[in-house]
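Enquirer: What follows is a structure written as structure tokens; I'll ask about it next.
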Amino acid sequence: MATALASKAADPAPFIKEGGSGASHRLNLMLEGVHCGGCVRRIENALAELPGIDEGRVNLTTRRLTVAWHGSPAMGRKVTETLQALGYGAIPFDPERLGSIDRERETFLLRCVAVSGFAAANVMLLAISVWAGQFQGMGEATRGFLHWFEALIALPAVIYAGRPFFRSALAALAARHTNMDVPISLAILLASGMSLFETISGGEHVYFDSAVTLLFFLLIGRYLDTRARGSARAAAQRLLAIGARAVTRLMEDGSTRSVRSEELSRGDVLLVATGERIGADGVLLGTHAEIDMSAINGESAPQHVTSGGRLFAGTLNLGEPLEIRVTSAGEGTLLAEIVRLMELAEQKRGRFVSLADRVASFYAPAVHSLAAIAFAFWWLVGGLGWQESLLIAIAVLVITCPCALGLAVPAVQVIASGRLMRQGILLKSATALERLATVDSVVFDKTGTLTEGTLEIAGEVDPEVLRIAAGMAASSKHPLARAVVAACPEAPRLKPVREIAGSGLEHGEIRLGRAGFAGVAAESAGDGPELWLARPGHEPVRIAFTDRARKDAPSVVSELRRRGFGVAMLSGDREPVVTSIARQVGIERFTARCTPTDKVERLEHEARNGHLVMMVGDGLNDAPALAAAHVSVSPSSAVDISQMAADVVFQGRRLAPVLELLSVARGSQRLVLQNLVMAFGYNAITIPLAMAGYVTPLVAAIAMSSSSVLVVLNALRLSRPSTARPSLD
């Protein structure tokens, strides 16, 4: 069956790009119908068999396929035909269209959840009436009437709400392979079909309640998974949006033109206004520039760039308007490379399979095999007709309806999420708790994570010096000037003040700014962020700045080490600043001047050595590392891109939520394992009874309800809060 995108496939030829990464052609496609790691492997293996293919990589989270090859551009059409033959739709990658498709899919799944939930609630009420009638002498006519009402509610709901599974299963079967949606669809259709047959023939047993309830729980899981992947896709799309914006290009005749950043070519001249983000990588044509580089390297202080210095897309111009000679734009920028790093890291982490999915991978085939064995035995050996034999097989499917198994993990996750949310901690990934429980190392970013993320004056400054500096700084929007004003907000504003871009402020003969501007020799300048105030008749005074560590950072690091976790820090900031913070908080392993690539490589090195790392970071430059880590955490003060890339977001100015997270995760893991033992114990008792033909709807209802109640009650034990709640102050 053709998928939604397959039916709208476009000719890929106009979207094939020449060159790049040693390949003569490259194509980015958007896929439909990719649900799991098996789909990824199937696509990548099929593309690897095509002649001339150098690279065929699928990102499960973003559903983005990157294909590179040598030879004729016509291979692009062959790639799309191969994908359609496998049952996957493909069109040229378009982030805006992908977002629209995702929103439509989420809306449709939410409708399906609502329909199945309404049906499950009402059918269950009718089923309870039938079960109660077993003890009160309900007549066959009344029972049949209620069965017809169940059918009237359940069948339309199954037809409508089951479409996400039915479509996927049919597409898989049409491509001559199976996926997990095939046995799910089979169970739902068999239970519904046999129930309809029993209703028509006046039978005692119908299973509409089991069919729609199972469908309801499965749809909830599918919807939550779609939302989680949508958040991860949004992170990469936000990164791309930073670079994909209108920029001002200086033409050869001196005129200007507004163009998209991807339309720029090497050698073009780009104009960047004060306060505007740079739209391409390039070199500075002017004499100097003040740039906020935190988006790329996490540097807390603004950077001074001189003529010929390199500038990068996504960074912010803090000084005077600039002219930049473009060296690379669009997919060739460092920002685009960060996006690729992030997607690649998410792809690797996306191969992690949750415990519930691992159990389901063998649980469903085993249950269906047992149902088939029961049918064959009673029909061929037991002497029953095919209808009675099929009824026993359906009973096996229904009695093993994974209500307890399906609740084993979600029930614990819901209780844990509620407990954490009450303390300002938000779980964004369905598998975050499971991965947190296995962590053995914690890696922190510096700026905004271990520190407050805001510059403030370090040490004591003469009040008169501070008053004059704050009065001058009130005329500037420079980050260091704002920090001076914050330290002395009552200082009267001095006028007139002239701002000299790249140097500092001037009020008559008084100067506030860089060391050289204030008449200070270069060797007198410090290593960290600083301003110098020069006044006639006085020695220049240095005003140093620091980013203060969070109040509880030392105690949190100490507690992590006491619990046996390895603790390290990776920062893009300068060596002296990183060393100072590391000493303050008690971290012995740290690395300074890390690029986004360096952070990802360091985390991958830890993974190769068998360590499962939790990354805690907040900057845009941390997004690839957050995606690459085994599990990731971000404070609510982080940029939105880092929050979306992270599995967990916590509020407040303290790091204590990190400890609470790890404690709750360990407790959750214990409860999940206990629930799974109870669920399998239930199945070990009920499956033989069902195969022997002793199960009635009443027995099935009591058994399933009891197992589900036990699982939920066990999960509620996690709702008891720890004795030491993390403060949000």
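Enquirer: Residues in region 537-557: is at least one hydrophobic (A, V, I, L, M, F, W, C) and out of contact with any helix residue (DSSP H, G or I) (no Cβ under 8 Å at 6 or more places or on another chain)?
Expert: Looking for residues that are hydrophobic (A, V, I, L, M, F, W, C) and out of contact with any helix residue (DSSP H, G or I) (no Cβ under 8 Å at 6 or more places or on another chain), one finds at least one in region 537-557, hence yes.
Enquirer: So how many residues does region 576-622 have that are in a loop (DSSP other than H, G, I, E, B) and in contact with a Pro (Cβ under 7 Å, 6 or more places away or on another chain)? Before the answer, list the steps.
Expert: Within region 576-622, the first condition is being in a loop (DSSP other than H, G, I, E, B), and the residues that meet it are 586-588, 592-595, 609-612, 617-619.
Retained after the next criterion (residues that are in contact with a Pro (Cβ under 7 Å, 6 or more places away or on another chain)): 586, 618.
Of the residues in region 576-622, 2 are in a loop (DSSP other than H, G, I, E, B) and in contact with a Pro (Cβ under 7 Å, 6 or more places away or on another chain).
Enquirer: Do we find that ARG77 is at pLDDT 75 or above, out of contact with any Leu (no Cβ under 8 Å at 6 or more places or on another chain) and of a type in the set (Lys, Arg) in this structure?
Expert: In short, yes.
Enquirer: Further, regarding this structure: Mind checking which residues of region 150-164 are in a helix (DSSP H, G or I) and either surrounded by 17 or more Cβ atoms within 10 Å (Cβ to Cβ) or among the hydroxyl-bearing types (Ser, Thr, Tyr) (or both)?
Expert: Those that are in a helix (DSSP H, G or I) and either surrounded by 17 or more Cβ atoms within 10 Å (Cβ to Cβ) or among the hydroxyl-bearing types (Ser, Thr, Tyr) (or both): GLU150, ALA151, ILE153, ALA154, LEU155, ALA157, VAL158, TYR160, ALA161, PRO164.
Enquirer: Go through region 484-503 and give me each residue that's β-branched (Val, Ile, Thr) and either without any contact (Cβ under 8 Å) to a residue 12 or more places away in the chain or in a loop (DSSP other than H, G, I, E, B) (or both). Before the answer, list the steps.
Expert: Residues of region 484-503 β-branched (Val, Ile, Thr): 484-485, 497, 500.
Within region 484-503, VAL497 is the sole residue that qualifies.
Enquirer: Then there's this: Within region 248-293, restricting attention to residues that are of a type in the set (Lys, Arg) and either surrounded by 23 or more Cβ atoms within 10 Å (Cβ to Cβ) or at pLDDT 80 or above (or both), which residue is farthest from the chain's Cα centre (by Cα)?
Expert: Out of the qualifying residues, it is ARG257.
For every residue, the table says whether it meets (1) in contact with a Leu (Cβ under 9 Å, 6 or more places away or on another chain); (2) outside the structural domain of GLU606 (by TED's automatic domain parsing); (3) surrounded by 21 or more Cβ atoms within 10 Å (Cβ to Cβ); (4) at pLDDT below 90.
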{"site": "VAL442", "(1), (2), (3), (4)": "yes, no, yes, no"}
{"site": "GLY459", "(1), (2), (3), (4)": "no, yes, no, yes"}
{"site": "GLY471", "(1), (2), (3), (4)": "yes, yes, yes, no"}
{"site": "GLU506", "(1), (2), (3), (4)": "yes, yes, no, no"}
{"site": "TRP532", "(1), (2), (3), (4)": "yes, yes, yes, no"}
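Enquirer: On to the next question. Return the only residue of ARG111, ARG105 being among the basic types (Lys, Arg), assigned to a helix (DSSP H, G or I), closer than 21 Å to ALA171 by Cα and at pLDDT 75 or above. Spell out how you get there, then give the answer.
Expert: Details: ARG111 fails: closer than 21 Å to ALA171 by Cα.
Residue meeting the stated conditions: ARG105.
Enquirer: Limited to region 63-91, what total is found for residues that are of a type in the set (D, E, K, R) and either within 22 Å of SER168 (Cβ to Cβ) or in contact with a Cys (Cβ under 8 Å, 6 or more places away or on another chain) (or both)?
Expert: Result for region 63-91: 3.
Enquirer: Any residue in region 158-169 that is more than 11 Å from LEU215 (Cβ to Cβ) sitting within a Cβ distance under 9 Å of a residue that is in a helix (DSSP H, G or I) and among the acidic types (Asp, Glu)? List the pairs, counting only those 6 or more apart or interchain.
Expert: The qualifying pairs are ARG167/ASP181; SER168/ASP181; ALA169/ASP181.
Enquirer: Still on this model: Do we find a residue being at pLDDT 85 or above and part of a helix (DSSP H, G or I) anywhere in region 644-655?
Expert: No, that holds for no residue.
Enquirer: Return yes or no: is ILE296 modelled with pLDDT of 80 or more and either of a type in the set (A, V, I, L, M) or in contact with a strand residue (DSSP E or B) (Cβ under 7 Å, 6 or more places away or on another chain) (or both)?
Expert: Answer is no for this residue.
Enquirer: Tally up the residues in region 590-628 that are small (Gly, Ala, Ser), buried (at least 24 other Cβ atoms within 10 Å of the Cβ) and under 20 Å from ARG550 (Cβ atoms), please.
Expert: 3
Enquirer: Further, regarding this structure: So, in region 533-553, exactly how many residues are within 30 Å of GLY652 (Cβ to Cβ) and either among the hydroxyl-bearing types (Ser, Thr, Tyr) or over 32 Å from the mean Cα position of the chain (by Cα) (or both)?
Expert: 4
The values are calculated or read from the model by the stated rules, or taken from the named source; none is laboratory data. What you see is a predicted model, and the numbers here were worked out from it, not measured in a lab. Heads up, the Cβs are rebuilt from the backbone with ideal geometry, glycines too, and the neighbour counts pull from every protein chain shown.
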